[in-house]
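For reference, the structure discussed in these notes is given below.
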Amino acid sequence: MLFAIPVAWLQLVHQRVKFIATLAGIAFVVVLLFMQIGFREALFDSSVRVHESLHGDLFLLSPQYKSITSQQSFPRQRLYQTLGHSAVESVTPLYVQFGKLRNFQDGQKYPIFVFGVDPGTKTFDLPDVNENLDQLKLADRALFDRGARTEFGPIVKTFEEKNKVLIEIAPYNDIFKARKLEVRGLFKIGTSFGVDGNLMINLSTFQSILRKGPQTKSTLGLLI
């Protein structure tokens, strides 16, 4: 056994070029494997980031629900019917939909994920959101995600300098119906593989910009 390792080593380095090429190939496979694991973990972590930040013990959603960005909804009356159960203390509707946000520097419009929240109740377990809920009690005010991609423009930097920023948002499929909003706070959820940034507005502003007709359906229902 004392001579097993030296003999094996000599066999490996007998043809050094092939030996180095083999090591390089194995190293490449190992690096690629860890990269794939990293991408997978990033996908899983980012896809549930919103869900983990929601304030609720139980969640009501559509039977056709696939993901939070696919926008399946259910009648809002179903959410309030749950109050008939003694274990349910309160319910909160949450609306989500994509809009188009205009970069105020270059004029380009980019998809952004918009949350319609009730400023009178706690929807997210995010301190930056809950500290600024009063700002959303007025129409045409918004909170912007400081973790959004840079394509939306220097919104975070401008807000930190001036404490407010004027932005322009339009329905995803009708960019000509744009409306100006005033960013009055920042929060952080961050991006995912399907979302480049997030915006929060109150329910009435959400309805007037992104939805047509009566507010009879919710995307998610939060139960406590």
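Bear in mind these aren't lab numbers, they're just calculated from the coordinates by the rules spelled out. Bear in mind that the values here come from a model prediction, so they are computed numbers and not experimental data. Neighbour counts are summed over all protein chains in view; Cβ atoms, including those assigned to glycine, are modelled from backbone coordinates with ideal geometry.
Computed on the Cα trace of the stretch 130-224, the radius of gyration divided by the Kirkwood hydrodynamic radius gives Rg/Rh = 0.96. Taking each residue as 0.36 nm, the span from residue 58 to residue 193 lengthens on full extension beyond its C-alpha to C-alpha distance by 46.1 nm. With one equal scatterer per alpha carbon and no solvent term, the Debye-computed log10 I(q)/I(0) for the stretch 4-47 at 0.17, 0.27, 0.28 1/Å reads -0.61, -0.88, -0.90. Restricted to Cα atoms, the stretch 151-206 shows a radius of gyration and a Dmax of 12.2, 33 angstrom. About the centre of its Cα atoms, the stretch 1-129 shows a dipole size close to 600 debye [charges on the beta carbon of Lys, Arg (+1) and Asp, Glu (-1) only; nearest 20 debye].
Taken about its Cα centre, the chain carries a charge dipole of about 640 debye when Lys and Arg each add +1 at the Cβ and Asp and Glu each add -1 at the Cβ. Projected onto planes of every orientation and averaged, the convex hull of the alpha-carbon atoms in the chain covers 21.0 nm². Helical runs (DSSP H, four residues minimum) scored at -39500 (n - 2.57) apiece and divided by the length of the chain put the mean residue ellipticity at 222 nm at -9500 deg cm²/dmol. Taking label points 7 Å from Cα along the Cα-to-Cβ direction, residue 47 and residue 80 give a separation of 3.5 nm. Taking the chain as a Gaussian network, where each spring joins two C-alpha atoms under 10 Å apart, which residue of 32, 133, 181 fluctuates the most? Greatest mean-square fluctuation among the candidates belongs to 32.
With the alpha-carbon atoms of the stretch 1-120 aligned to their principal axes, the span from lowest to highest coordinate is 79, 50, 25 Å, starting with the largest. Do any of 188/217; 162/217; 66/164; 66/162 go past 31 Å between their Cα atoms, and which? 162/217; 66/164; 66/162, as the Cα separations exceed 31 Å there.
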